[in-house]
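Peer 1: Dropping the structure in here first, questions after.
The values are calculated or read from the model by the stated rules, or taken from the named source; none is laboratory data. Keep in mind the model is a prediction, meaning the values are calculated, not measured. Cβ coordinates were reconstructed from backbone atoms using ideal geometry, including for glycine residues, and neighbour counts include every protein chain displayed. Accessible surface areas use protein heavy atoms only, side chains included; no ligands, DNA or RNA. Shrake-Rupley method; radii C 1.70, N 1.55, O 1.52, S 1.80 Å.
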Amino acid sequence: MATEANNWSVDRFADIEVLRYEVPAFEQLSLQQKCLVYYLTEAAQWGRDILWDQNCKYNLPIRHICEAVYTNYKGDRNDAEWKAFEQYMKQLWFANGIHHHYSNAKFKPGFSQQWLEQQIGQLPAELGLGVALIGFSAPEIERVIFDSTYMSIKVNQADGVDLITSSACNFYEGLTQQEVEDYYARLKDPKDTTPVMYGLNSKLVKEDGKIVEHTWKVGGMYGKTIEHIVENLQLALPYAENDQQRTVIESLIKYYNSGDLKDFDTYSIEWVKDLQSKVDFINGFIESYNDPLGMRGSWEGMVNFKDSANTARTEIVSANAQWFEDHSPIDDRFRKPVVKGVTAKVITAAILAGDSYPATPIGINLPNSNWIRAQHGSKSVSIDNITAAYDAAAAGNGFNEEFMWSEAEVQQAKKYAHYVDNIHTDLHECLGHGSGQLLPGVDPDALKAHGSTLEEARADIFALYYMADPKLVELGVMPDMEAYKAGYYQQMMNGLMTQLVRILPGDNLEEAHMRNRALIAYWTLERAKQDNAEKPALEFCKRDGKSYVRINDYQKLRQYFGELLGELQRIKSEGDYEAGRKLVETYAVKVDPTLHNEVLERYKGLDIAPYKGFVNPRYQIAKDAQGQITDVKVIYGSESYVEQMLRYGCEYSVAE
Ligand code: ZN
């Protein structure tokens, strides 16, 4: 059993397990499609350094120095300092910087400053550390690595502090939160019905008392890196499958050249319209979770192609989008009269890059622009080869047996979990985020720092509510009226306790998805208590000193979910910041330390890594004597995690 799982596991360190994934049916693509995938994967991999720099301005110099130390080390590899350094290096690579990819907290090095200084001192002079350190001094870099109070959190979401000055991410410089908010309040026209995504592709900086935006584009910030992205997009162009896809690639190139967010909107609209192509991709400044104000997009890349067999399932769900919107338990004023163009498909990822690498989402719904979604629709995907890799690696790890209340829940999960997970992703991504509407004049950013958490909660609760709807059985996407119970149990157990394995003792919940799950679960627990029933629908129980989650009434739970969906939709539609903040602060931030310790203890016994990510396969082109590509091959297992990271650092990095 263990050997089986090890086939998928390529590295293990700290709280991380690195897996590999397969790209099934790549061989069945046409040569043209394979070439398209190849150049798009090259374009995707070129954006890596932009993300590193966005995550913190010290990330790249630290990576360059640490990689130099790592590759030149000649000492004892059993030495404790070296082992601690090796782990730190692997953590850096995984997080694309010095802050944990999920908790946002800065890594604590287990090696001494003295040891690192010694290693740097021994480096060959020709390594050009001067280049790596441009604009930075060695003492400054060492302070960033070793002073745990300095740059301690990447994205601060705490209540009542200046989120800009207290976050280490590299999106703002010399500005307070108030100044940033005032700047955009002046810029935004409340009457504009098609606003651009302000700040998405720029850094906001105060220079000589003036606020200016520096844009990532050709000729702008990271211009040389972006030239490489554009070059590969241009190489991909001749292999486009159809005119629409060609337009998509051309409009993305135009946007990278101009940096104009109106061009990005044009690109997004063309991208939504491209439904016929087998191959698809994401490449650019996309999700804004890494900005405490939720405006700036982290660089992300992914190339994928449609998994036709599995897509049939999500097509049924999206074809019925209007039915779900009409029957949603929300106020009629918040309902979309006409749901447009919700398309969903199951895809096979061919490459993960930028903010999707090595840790990756299993579902994506884009674009993020509210008015484009409303007028042109959105594309929603779930990534089946990634989910399959997770499931294969998790099989038989003992987690459910340890944390679930009884054998009945364990069996329920065995029978339905993979199924329910997929449906949950479909409902969350292709219906949940796209459902409902803002009241006229409501600022889409009204929920400010809590916007991401509340939006994820809204999409999740939508999925939970409908998972138990007989309509899904009627549509043939759920097997019976028992299956949803596996989803409910899993979600409550995770939100109430087991997700705590992902954070350290004493930490609050910071990440938007974790907060969303806690919000839903703890709100529901409280709601069940209020009902004062002899047996609450949802409760914590103790057995042999261990805590368990019990669900006594699944249908009642669904009723509560409906209530919460109505309230979350009201908060979003009205832009009720106060009510949203209260929900988040009451249910989604604080952690019960006793329960947390218990969960960590039990989890430790299972020896499972709480976070997983992936190494990419390699793509190799074969050419004939005339230089024409004759084939593209996908290669697995040719390099380790460390080898891949070092290669990416060499092949996809250029001095800016
Ligand atoms: Zn979501």
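Peer 1: For the stretch 580-610, what are the residues that are touching a helix residue (DSSP H, G or I) at 6+ places or on another chain (Cβ under 7 Å) and either free of Cβ contacts under 8 Å to residues at least 12 places away in the same chain or within 20 Å of Asp11 (Cα to Cα) (or both)?
Peer 2: Answer for the stretch 580-610, where residues must be touching a helix residue (DSSP H, G or I) at 6+ places or on another chain (Cβ under 7 Å) and either free of Cβ contacts under 8 Å to residues at least 12 places away in the same chain or within 20 Å of Asp11 (Cα to Cα) (or both): Tyr603, Leu606, Ile608, Pro610.
Peer 1: Continuing with this model, one more query. Would you mind finding the one in Gly566, Gly613, Gly562 that is open to solvent by less than 30 Å² (accessible area, probe 1.4 Å), modelled with pLDDT of 95 or more and either outside any helix (DSSP H, G or I) or more than 30 Å from Gly451 (Cβ to Cβ) (or both)?
Peer 2: Criteria check complete, one pass: Gly613.
Peer 1: What is the one condition in (1) open to solvent by less than 70 Å² (accessible area, probe 1.4 Å); (2) outside any loop (DSSP other than H, G, I, E, B); (3) not assigned by TED's automatic domain parsing to the domain that holds Pro361 that Leu595 does not satisfy?
Peer 2: For Leu595, the exception is condition (3).
Peer 1: Name the residues in the stretch 289-306 that are surrounded by fewer than 21 Cβ atoms within 10 Å (Cβ to Cβ) and in contact with a helix residue (DSSP H, G or I) (Cβ under 8 Å, 6 or more places away or on another chain), would you?
Peer 2: Tyr289, Met295
Peer 1: Against the condition part of a helix (DSSP H, G or I), touching a residue at least 40 places away in the same chain (Cβ under 8 Å), among the charged types (D, E, K, R) and open to solvent by less than 50 Å² (accessible area, probe 1.4 Å), how does Glu270 come out, does it pass?
Peer 2: no
Peer 1: Could I ask something else about it? Can you name the residue in the stretch 627-656 that is charged (D, E, K, R) and open to solvent by 80 Å² or more (accessible area, probe 1.4 Å) and, of all such residues, is nearest to Ile351 (Cα to Cα)?
Peer 2: By that ranking, first place goes to Lys633.
Peer 1: Mind checking which residues of the stretch 361-378 are within 14 Å of the ligand (Cβ to nearest atom) and touching a residue at least 40 places away in the same chain (Cβ under 8 Å)?
Peer 2: The answer is Ile362, Gly363, Ile364, Asn365, Leu366, Pro367, Asn368, Arg373, Ser378.
Peer 1: May I ask you to list the residues in the stretch 237-267 that are touching a helix residue (DSSP H, G or I) at 6+ places or on another chain (Cβ under 8 Å), crowded, with 19+ Cβ neighbours inside 10 Å and not in a helix (DSSP H, G or I)?
Peer 2: The answer is Ala240, and nothing else.
Peer 1: Can I ask one more? Taking the stretch 209-229 as the region of interest, how many residues are under 24 Å from the mean Cα position of the chain (by Cα) and not in a strand (DSSP E or B)?
Peer 2: 5
Peer 1: I'd like the residue in the stretch 382-397 that is open to solvent by less than 20 Å² (accessible area, probe 1.4 Å) and not hydroxyl-bearing (Ser, Thr, Tyr) and, out of all such residues, is nearest to the ligand (Cβ to nearest atom).
Peer 2: Result: Ile383.
Peer 1: Sticking with this structure for a sec: Taking the criterion of being closer than 30 Å to Asp15 by Cβ, in contact with a helix residue (DSSP H, G or I) (Cβ under 9 Å, 6 or more places away or on another chain) and touching a residue at least 12 places away in the same chain (Cβ under 8 Å), would at least one residue in the stretch 201-212 satisfy it?
Peer 2: Among the residues of the stretch 201-212, not one is closer than 30 Å to Asp15 by Cβ, in contact with a helix residue (DSSP H, G or I) (Cβ under 9 Å, 6 or more places away or on another chain) and touching a residue at least 12 places away in the same chain (Cβ under 8 Å), which makes the answer no.
Peer 1: Only one residue in Lys529, Lys546, Lys572, Lys556 is modelled with pLDDT of 95 or more and under 20 Å from Gly487 (Cβ atoms). Which one?
Peer 2: Every option except Lys556 fails the conditions.
Peer 1: Which of (1) crowded, with 23+ Cβ neighbours inside 10 Å; (2) within 16 Å of the ligand (Cβ to nearest atom) does Asn422 not meet, given it meets every other one?
Peer 2: (1)
Peer 1: To continue, here is another question. Kindly state which helices (runs of 4 or more DSSP H) lie completely within the stretch 428-544 and contain at least 3 residues that are crowded, with 22+ Cβ neighbours inside 10 Å and either of a type in the set (Phe, Trp, Tyr) or within 16 Å of the ligand (Cβ to nearest atom) (or both).
Peer 2: Counting at least 3 such residues, we get 451-467, 483-496, 512-530.
Peer 1: Being within 14 Å of the ligand (Cβ to nearest atom), outside any loop (DSSP other than H, G, I, E, B) and either over 20 Å from Met514 (Cα atoms) or in the same structural domain as Glu482 (by TED's automatic domain parsing) (or both), is that true of even one residue in the stretch 343-353?
Peer 2: yes
Peer 1: Just to be sure, is Lys203 part of a strand (DSSP E or B) and of a type outside the set (Phe, Trp, Tyr)?
Peer 2: yes
Peer 1: Any idea how many residues of the stretch 199-236 are polar (S, T, N, Q), open to solvent by less than 30 Å² (accessible area, probe 1.4 Å) and under 23 Å from Asp291 (Cα atoms)?
Peer 2: 3
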